[in-house]
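What follows is a single structure, written as structure tokens, with notes after it.
The values are calculated or read from the model by the stated rules, or taken from the named source; none is laboratory data. Bear in mind that the values here come from a model prediction, so they are computed numbers and not experimental data. Note: ideal-geometry Cβ built from the backbone for every residue, glycine included; neighbour counts use all protein chains shown.
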Ligand SMILES: Cc1cc2nc3c(=O)[nH]c(=O)nc-3n(C[C@H](O)[C@H](O)[C@H](O)COP(=O)(O)OP(=O)(O)OC[C@H]3O[C@@H](n4cnc5c(N)ncnc54)[C@H](O)[C@@H]3O)c2cc1C
């Protein structure tokens, strides 16, 4: 089968590697001149990443020991978490290399512009190129051109993230998250690359650059690099297939609404897609285990969206219980269904927030 994958991010590279390995003819088209660039990502991942990609020192920038959660009053809670900061340029290239080893062909500087019959149309330099496909996969990110061309991308809403790499003095093993009026409806973060620079950012639905300027005042180092990008808000990932056209990753809208993280869930959707194609299964149905986890994140986001500053102060106090910290440390947040009931048993006070989740 001729498979055309649009987008050489984590999701596109994952599905390309699996289908090429199974013997299909796979062509990956990427609009930018270099895989993994430009970067629009903080690159923080849990251990769940290594269920979808082999661990490799080449793409790991930093290894973390935990998070400091900072409530609106400045009250801080430390939770040990063993997580990683990755370099997206190196990580995406690493995944593309794996797909190429399996025989996938990569074409950079090829921008997907539409579909004509069973051909995908690309603009490359001054040329228009048509590529016939049996299967077309849109792994082309949050604004997916494949999703728009096929009519699958509908009613999508986004957070906008604004981030900079800033120099300064940082505790290299701990990342910071800030909640409350500094980032309405989401949060702000500072994720160290090491002791002398951090990826500092904020996401909101509106006026993100104003909130970034407020956050910037907490850090007086120099800005080395600026990035900004959209994060799709998960809304059920209902439209993921139309005939022989499929969407995966951010194109399918499978980010976690609590954190905006989408690297691992995108790769998970790509793995499900490859498996569905190979075993002739219904892709949309096969996504249900991922949807179940994302649904919990959606409800948690509903809850957090209704939090007052006082609620955040209570949350930080209630999370400080040793058993709660142990559960959060043991379970990657990609799988909340595995530990949410245990959290409620460990800290029944969390039930006070349940009314917000379903409001
Ligand atoms: C500020 C910010 C911080 C983030 N931090 C984190 C984090 O810490 N952890 C985490 O897990 N997630 C994070 N995310 C989300 C994460 O970046 C995405 O969920 C992830 O990149 C999705 O991977 P993907 O392969 O589906 O899409 P992408 O990584 O967006 O890849 C899509 C690819 O398609 C290409 N493309 C797009 N349109 C076309 C076209 N028309 N033709 C050809 N190619 C095209 C793009 O150039 C790109 O290479 C963050 C997002 C933002 C904006």
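What to note about this one:
- Residue satisfying all of: in the range 36-64; out of contact with any strand residue (DSSP E or B) (no Cβ under 8 Å at 6 or more places or on another chain) and within 20 Å of residue 328 (Cα to Cα); surrounded by the most Cβ atoms within 10 Å (Cβ to Cβ) among these: 48
- The set of residues in the range 264-279 being touching a strand residue (DSSP E or B) at 6+ places or on another chain (Cβ under 7 Å) and under 16 Å from residue 237 (Cβ atoms) consists of 264, 273.
- Candidate set: the range 216-251, residues that are within 11 Å of the ligand (Cβ to nearest atom) and assigned to a strand (DSSP E or B); chosen: the one surrounded by the most Cβ atoms within 10 Å (Cβ to Cβ): 247
- Only one of 288, 257, 302 that is free of Cβ contacts under 8 Å to residues at least 12 places away in the same chain and either within 18 Å of residue 236 (Cβ to Cβ) or under 24 Å from the mean Cα position of the chain (by Cα) (or both): 288
- Selection status of residue 277, more than 23 Å from residue 161 (Cβ to Cβ), assigned to a helix (DSSP H, G or I), within 16 Å of the ligand (Cβ to nearest atom) and at pLDDT 95 or above: no
- Residues located in the range 329-359, provided they are in contact (Cβ under 8 Å) with a residue 40 or more places away in the chain, surrounded by 18 or more Cβ atoms within 10 Å (Cβ to Cβ) and part of a helix (DSSP H, G or I): 336
- Criterion (in a helix (DSSP H, G or I) and surrounded by 22 or more Cβ atoms within 10 Å (Cβ to Cβ)) met by exactly one of 15, 4: 15
- The criterion of at least 2 residues that are more than 25 Å from residue 195 (Cα to Cα) and touching a residue at least 40 places away in the same chain (Cβ under 8 Å) is met, among strands (runs of 3 or more DSSP E) falling completely within the range 36-154, by 105-107, 111-116, 119-124, 127-132, 135-138.
- When the range 18-35 is limited to residues that are in a helix (DSSP H, G or I) and away from the ligand (no atom under 16 Å from the Cβ), the one that is surrounded by the fewest Cβ atoms within 10 Å (Cβ to Cβ) turns out to be 21.
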